[in-house]
Structure formats: C-alpha cells, structure tokens
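This report concerns only the one structure given below.
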Amino acid sequence: MKKRDEGQLTMDALASLCKRRGFIYQTSEIYGGINGFWDYGPMGTELKRNVRDAWWADVVRRREDVVGLDSSIIMHPRVWEASGHVGGFSDPMVDCRACKKRFKADAFCEEQGLELQVEGKHFVLPEGVQCTACGSKDLTEPRAFDLMFRTHVGPVEDDSSVAYLRPETAQGIFAQFSNVLATSRQKIPFGIAQIGKAFRNEINPRNYTFRSREFEQMELEFFIKPGTDSEWHAYWVNERLKWYSSIGLPESSLHKQVHPKEKLAHYASACTDVAYDFPFGTQELEGIAARGAFDLTQHQTFSGKSMEYFDPDTNEHFIPHVVEPSAGVDRIALALLCNAYREEWVPGAKVEGGVLAAEPGGKPPEGYEARVVMRFSPRVAPVKVAVFPLLKNKPELVAKARQVFDMLRVRWSCFWDQTGAIGRRYRRQDEIGTPCGVTIDFQTLDDDTVTVRDRDTMEQIRVPVKELTDSLARTIGC
Ligand code: GAP
C-alpha cells in the first residue's frame, strides 16, 4: 500500500479521521479553540497512554538501573536561572509589517534556502529574505521571544512571586538528583526517568499537534562516569531506535540525525535526533544528548548544594555526566497516527478477493468499497478487541457476547458494539485500528465457537471460546 508518496495521506484527512473517531479535538472548540492546544478524545487518550506505558515499561520497569520521578510542574524560579532558561530560552522571531504575520526567524529563512545570521548576541536576517505569506520584504529585525509561560504564586502579583510553567521535565530530575540517589540505592551508571507535561509559548504552533504550546515529554537523565559519555550516548541512540520499531514505526521511516560538532552547545559532546517521515517532512521525535556535567554543576552553583557522587569502588568524588534521551508523547502519537492511516479498497458483500491499494481520488472497482483503516501495532492500538453480538434483539446472543466481553476485558481494552449492520461495525473498528473483532452468532450457541476477524487481512476464522484468549494473544502479542 503506497501512501504519502502519492500524496494519499494529507494532514486534513488525518485530522478529519481523528475528530470523527475521537482521537484529537481542537481544545475548547465550542469557543473557537486556542492555537497550539489540543484535547485527546477517548481513542487518543488510550493511544497516548499506550505510548507512555510502552516507554515506562522499556525504559524504567524492565531495567534495574532506572528509577522514576514525578516532579511538580511549577518549581522554584531559581531552577530556571540555573538551567539557563531564564533569559536564555527564547526563539528569534520576525514580523512582517505588511501582512502582520509572525514567524520563527530560523525556520522562516530555512524555508527560503537561506540561513539566519548571528552577529555577536544578535540575529540578523540574510539578504533577499521575504515574507513567506505575502512576499513583502518589509520585515522587522529578529527579536528574542521568551518561550516560558509565566505565572504568579500566591495572592500578590509582583516580581517576587513570578514562577514558570516548566518548559521541560528534565530540570525536575536534576533538582532531585541527590534525594533520588540517597533513597534509591542506585550506583552510577543509573538513570532517573519522568513523564509529564511541559509548556512552551511557541511563536508558531503548527503541523497539527507536532508543535504545540502544551505537550508531554518522556525524559531520561542517565548519569554516568565522566569519560564514558560517547559509549553511553551510542548505547542510548541504539536502544531508542529499537524502541520505535517495537511500537510499530518502520525502520525505513525513521532517521538518525547527528548534530554537527560545531552546532552543539558548548557543554555537549554529542546529540542525535530520531526523526520520522511525517507527511509535512522529516521531523524530530526525540533528541539524545550527551550533556556532560553541565546541568548538575549549574544546580550545584546556584543552590550551593553539592551534586557530587562518591564512587565506593574507586574512592573518587565527581559530578556525574549525563546522557539525556528526551522524547515527546504527542509527536510519537502523531507519528503513529500518520503511519497507521490507510485508505484501501476491500471486497463488498458480493465479491471475493483481497485488499487492494486505493488510488488517490480514485473510485473502487465494481464490487469493492473503500475503507479507512488504522494499522496500529497491537502494542499501541487504543482498543485491542471489539466484541459484537450479531443481533441486539436476541437476548441469548447478547448474554453470550457479554460473557465473552467480560472474559476478555480483564486483560485487554475491549469495545462493546451491538448497534447497526455487522459490516458497519467492522468499519468503525477499522477506523480506530482495533486489531481483532469477535462476533457471537447463532453457531456460537450451538458449538461455543466465535468468529474472529483480523483487521488487516479481514480474514475470519472460527475459534472455540475456551481457546479465544490464547488465540487473540497470538495476534495482540501482549
Ligand atoms: N530536555 C531536553 C529537551 O526538552 P527538546 O528537544 O527541546 O529537548 C525534547 O524537547 C522533545 O520534546 C522533542 O524531541 C519533542 O518530541 C518534544 N517537544 C519539544 N517541543 C515540543 C512542542 N512544542 N510540541 C510538541 N512536542 C515538543
């Protein structure tokens, strides 16, 4: 099935499915929405939860050398001075005086094949740059735009009560390094992981949920002995790439983007992004950075509290270095949605045959009908099994189907659907990407077998109820 090369997947088609099937809605839509903020509906909530659970299982639970943390979103403002975010976390922006649109200056230049210039502490627009919206050359000079959301803590709104919504979860980890070390019985190398919301007042939120103002991060700070940075960095790049395959993103759509040495922050020794081929271009899902001792040293300096580690094996004291794999839940969910989306032609009631690749804008051949199917890996599919009594007005079918449903839902997220023609019910599940459908029909009442339908091949097999859980587990794999 070819898709985006042929222009088959547009973000509009995806957004329409996401709204129709309860994955993603515009936030506070009834009031006209607010740019850069999104709500996840029932299916999106399950999808995101599965992403988080898969990450937590593989990065924390299945390892002995990583522990979890859940730090507060609002922290002491000094945290953000130490981290360099206060005064330093800004994007250069440029305004068009003609059409009044505002752009992120670096991306704006890049789109025109130009590079934003840096002169000392200032950004300067290159020769020939023009507004990408209206073509005007009447542009402001780039100005720094603070990305942190500010608020006030307590009843008085003055400078002394200013606080920030965290722009990353990482600093909560660094600020609690000593407490976790003292209470977790870990020895270096070990990691602290955290999943949580982060907020950035992005100049130009765009590409659906890709660049949002409120989003969720999954970050690991893996503390290591100085000098082992490059080997641990390579280790985590490899681990993280494998993880993306484990949630169903094909290797061919993933790219390792190595940051050139001259573009690294002064304290970093390496940074590699994992990028995915979105319909709007190849874009970052995660960055894996070797940040040296920068963060802990900064917090030691600003707090006056030691961040040193004593190595009992070598009797050495040192500030640990860190390798940081930092991923975005929303971006991964978006990549999974893009990757899963297929438009196909499938046999209608009167013809036999397999699934055909739909042609963009084309009409299905005689006897076939079009379907949209989300081919999620079962590991992340929002619903694993749908259960259908063939007819809702036959109490014995409904009662038997309820028994099957109750048996399966102790293990998997299941969907009960008794309304409408069975074909229509299958299509509804295809659109939310449910890997297996189980239908309870009259034969079930005779021989205690059910029909199991496979989402991708649409093949149907009969399975005895007593073998159903094992049979489904082979498809679902978890
Ligand atoms: N602590 C390092 C850090 O925050 P980052 O590259 O700025 O690094 C890490 O962010 C990840 O967080 C990104 O790879 C991306 O997945 C996600 N992310 C960052 N900004 C985002 C935004 N505005 N909207 C959605 N996700 C975002």
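For region 8-81, what is one quarter of the convex hull surface built on the Cα atoms, given in nm²?
Answer in nm², one decimal: 8.7.
Out of every Cα-Cα pair in region 90-144, what percent are more than 18 Å apart?
So the portion of pairs separated by more than 18 Å is 19 percent.
When you have a sec, figure out the Kirkwood radius of region 117-210 from all distinct Cα pair distances and drop it here in Å to one decimal?
Details: mean 1/r = 0.0553 Å⁻¹.
Radius from the Kirkwood sum: 18.1 Å.
Let me see the pair-distance distribution of region 47-203: every alpha carbon pair, 10 Å bin width, integer percents in order.
Answer for region 47-203: a P(r) of 9, 26, 24, 24, 14, 3, 0 percent.
Sequence gap at least 6, Cα distance under 8 Å: using those rules, report the relative contact order of the chain to the nearest whole percent.
Relative contact order of the chain: 13 percent.
Could you tell me which of the pairs Lys101/Lys121; Lys104/Lys137; Lys121/Lys197; Lys187/Lys225; Lys400/Lys466; Lys48/Lys384 are separated by over 19 angstrom between their Cα atoms in the structure shown? Walk me through the numbers on the way to the answer.
Details: Lys101/Lys121 24 Å; Lys104/Lys137 16 Å; Lys121/Lys197 31 Å; Lys187/Lys225 10 Å; Lys400/Lys466 13 Å; Lys48/Lys384 14 Å.
Beyond 19 Å: Lys101/Lys121; Lys121/Lys197.
Spit out the partnerless Cys residues in the chain, using Cβ distances under 4.7 Å as the pairing rule.
Unpaired cysteines in the chain: Cys18, Cys109, Cys271, Cys338, Cys414, Cys436, Cys478.
Report the normalised scattering of region 197-318 as log10 I(q)/I(0) at q = 0.10, 0.13, 0.16, 0.22 Å⁻¹, calculated by the Debye formula with identical scatterers on the alpha carbons.
After summing over all Cα pairs, the log10 values are -0.43, -0.70, -0.99, -1.39.
Among all the lysines, which ones have a C-alpha under 16 Å from Lys256's C-alpha, if same-chain residues fewer than 8 places away are not counted?
Within the straight-line limit of under 16 Å, Lys256 reaches these lysines: Lys242.
Treat the count of other C-beta atoms within 10 Å as a stand-in for reagent exposure and order Asp430, Asp58, Asp138 from fewest to most.
Going from sparsest to densest Cβ surroundings: Asp138, Asp58, Asp430.
Which GluC sites (Glu not before Pro) in region 1-105 sit in a loop by DSSP (not H, G, I, E or B) and have at most 11 other Cβ atoms within 10 Å of their own Cβ? Could the numbers behind the result be given before it?
Numbers: sites: Glu6, Glu29, Glu46, Glu64, Glu81; in loops: Glu64.
In loop regions of region 1-105 (DSSP not H, G, I, E or B), the sparsely surrounded GluC sites (Glu not before Pro) are Glu64.
Provide Rg over Rh for region 316-414; use the alpha carbon set for both Rg and the Kirkwood Rh (inverse mean inverse pair distance).
1.22
Multiply the residue gap between Val153 and Thr45 by 0.36 nm, knock off their C-alpha separation, and tell me the result in nm, one decimal place.
Extra length available between Val153 and Thr45 comes to 35.9 nm.
Compute the distribution of all C-alpha to C-alpha distances in region 1-137, in bins of 5 Å from 0, and list the percent of pairs in each, rounded to whole numbers.
Whole-percent P(r) values from 0 Å outward: 2, 7, 9, 10, 10, 15, 17, 15, 11, 4, 1, 0.
How far apart, in nanometres, would the label points at Leu114 and Gln26 be if each is projected 7 angstrom from Cα along the Cα-to-Cβ direction?
For Leu114 paired with Gln26, the spin-label model returns 3.2 nm.
I'd like the trypsin sites (Lys or Arg not before Pro) in region 121-172 restricted to DSSP loop residues with at most 12 other Cβ atoms within 10 Å, sorted by number.
Lys121, Lys137
For region 173-243, go through all pairs of different Cα atoms, get the mean of 1/r, take its inverse, and jot down that Kirkwood value in Å. Don't skip to the answer; put the middle values down first.
Working: mean 1/r = 0.0682 Å⁻¹.
It works out to 14.7 Å.
What distance in nm lies between label points placed 7 Å from Cα along the C-beta direction at Glu316 and Ala349?
Computed distance between label sites Glu316 and Ala349 equals 7.5 nm.
With just the Cα atoms defining each centre, how far is region 124-179 from region 25-88? Give it in Å.
18
Between Ser253 and Asn179, what is the label-to-label distance in nm when each label sits 7 Å out along the Cα-to-Cβ direction?
Simple spin-label model gives 4.0 nm for this pair.
What are the radius of gyration and Dmax of region 383-478, computed over its Cα atoms and given in Å?
Cα radius of gyration and Dmax of region 383-478 are 11.9, 34 Å respectively.
What base-10 log of the normalised intensity I(q)/I(0) is obtained for the chain from the Debye formula, alpha carbons as equal point scatterers, at q = 0.06, 0.09, 0.11 Å⁻¹?
-0.35, -0.75, -1.03
Just so you know, all these numbers are worked out from the coordinates, no wet-lab data involved. Fair warning: this is a prediction, and the values are worked out from it, not measured in the lab. Cβ sites come from the backbone with ideal geometry, for glycine too, and all protein chains shown count toward neighbours.
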